[in-house]
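Worksheet: one structure, shown below.
Bear in mind that the values in this text are calculations on the coordinates, not laboratory data. The model shown is predicted, which means the values in this text are computed figures rather than measured ones. No Cβ is skipped: glycine too gets one built from the backbone with ideal geometry, and neighbour counts run over all protein chains shown.
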Amino acid sequence: MIPSAFEYHRPANLAEATQLLASSEDAKILSGGHSLLPMMKLRLATPSVVIDIGRLDELRGIQEAGGALIIGANVTHYEAETSAVLQQQCPILSETAAAIGDVQVRNAGTVGGSVAHADPSADWPAAMLAVNAEITLSKAGGTRTVSATDFFVDLLMTAMEEDEILTSIRVNANPPRTGGAYLKVPQPASGFALAGVAAQVTLGGDNTIQQVAVGITGVDNKAFRASATEAALQGQAATEAAISQAAAQATDGADALEDIHASAEYRLHLARVYTKRALLQAVERAQNA
Ligand SMILES: Cc1cc2nc3c(=O)[nH]c(=O)nc-3n(C[C@H](O)[C@H](O)[C@H](O)COP(=O)(O)OP(=O)(O)OC[C@H]3O[C@@H](n4cnc5c(N)ncnc54)[C@H](O)[C@@H]3O)c2cc1C
């Protein structure tokens with residue numbers, strides 16, 4: 001349980017952090033440390049350089065900018081859970097944050113750290129897919145933006161290059177008559193999702209589904225969009241029958257994980273059941289928005 005030896009750096013700003021990352025061999029960024037440090041203690045990660053960005057103020061805070069919300073990478077799960085701006089303008093994100101681990105994990109872990117880590121059972125990736133988040137990555141001399149759909153590549157693998165730092169996440173504030181819900185079945189000891197579903201729906205005046213996005217975590221190597229479910233619901237009346245039928249396709253194409261906590265079959269079943277529940281809740285919230 002003792003990590004291998006490493007150099008520790010605490011840069012004073014983002015520019016210094018990206019410079020250090022560019023010039024270091026085998027370096028890792030440290031944010032909340034709630035995934036990296038356990039992995040280092042188990043020697044599943046053995047970086048020779050650790051760059052601690054956890055106290056960089058420029059990566060903190062949730063800003064409103066032209067109908068969008070910019071969530072700094074260092075925003076903790078607790079800050080997202082309790083943010084008045086998120087609760088009002090994109091409440092599915094506060095709901096997701098509240099579902100993570102326990103209060104200690106939520107106080108230390110960060111949104112950016114969780115998204116960058118891309119654990120297949122983490123909660124944020126499902127929500128980021130459901131709100132069509134855009135992820136901003138910075139490196140020495142450049143910044144780029146990647147959609148959440150393109151960001152999650154495989155088990156603990158993202159579109160982020162080794163010299164990039166996730167600096168913020170941009171989401172649109174909800175349009176009128178939009179509702180979202182994040183529901184999960186947690187693994188009882190850690191809280192990680194055996195299956196977690198984030199659904200966001202925008203209704204037209206006639207109660208038809210104008211926009212729908214469903215992100216699923218805990219089931220496959222990476223969080224994924226329930227594309228068949230979304231396609232089946234687009235433009236349809238938001239009825240329980242339509243949602244029930246569409247949710248049955250939520251895991252089409254999924255290659256489910258299996259471990260001591262849950263069989264593949266059980267995870268797939270949970271994902272379909274929770275897709276239906278999350279969609280029904282999202283529609284109800286959209287009707288009352
Ligand atoms: C007991 C326990 C229970 C948990 N339960 C849950 C749960 O129910 N749901 C859930 O989703 N998560 C859970 N977690 C994980 C927790 O949410 C972590 O905080 C989160 O996954 C990682 O965030 P962090 O800030 O701690 O990142 P760190 O541990 O600091 O880093 C994680 C990884 O991301 C990289 N990284 C971090 N920040 C950046 C950045 N800005 N740019 C580029 N790379 C970066 C690091 O190099 C590292 O590889 C749990 C953790 C513990 C210990």
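For the reader, a short list of remarks on this structure follows.
- Considering only 218, 73, 97, the residue lying farthest towards the positive end of the dipole of the chain is 97, judged by Cα position with unit charges set on Cβ.
- Residues with amide H under 5 Å from that of residue 195, placed H, sequence gap 5 or more: 185
- With the convex hull of its Cα atoms as the shape, region 187-283 has an orientation-averaged projected area of 5.8 nm².
- Summing Lys and Arg as +1 and Asp and Glu as -1 over all other residues whose Cβ lies under 12 Å from the Cβ of residue 244 gives a net charge of +2.
- Quarter of the Cα convex hull surface for the chain, i.e. its orientation-mean projected area (nm²): 14.5 nm²
- When the inverse distances between all different Cα atoms of region 57-172 are averaged and flipped, the Kirkwood radius reads 14.0 angstrom.
- Using θ = phi - 60° and Karplus 6.51 cos²θ - 1.76 cosθ + 1.60, couplings along region 171-178 (whole Hz; Gly, Pro as x): 10, 7, 5, 4, x, x, 6, 10
- Based on the Stokes-Einstein relation at 20 °C and a viscosity of 1.002 mPa s, and on the Kirkwood radius from alpha carbon pairs, region 7-122 is assigned a translational diffusion coefficient of 143 µm²/s.
- Cross-link pairs 41/139; 222/276; 139/276 - those with Cα-Cα distance over 31 Å: 139/276
- Computed over region 7-52, Kirkwood Rh from alpha-carbon pairs, angstrom: 10.8 Å
- Relative frequency of Cα-Cα separations exceeding 17 Å in region 241-289, percent: 42 percent
- In summary, region 110-197 shows an alpha-carbon radius of gyration equal to 1.15 times the 2.2 N^0.38 Å reference for compact globular proteins.
- Take the Cα of residue 15, go 7 Å toward its beta carbon, and the backbone nitrogen atoms of region 125-144 under 14 Å from that spot belong to 139-142.
- Paramagnetic reach from residue 22 (point 7 Å along Cα→Cβ, amide N under 14 Å) across region 151-186: 162-165
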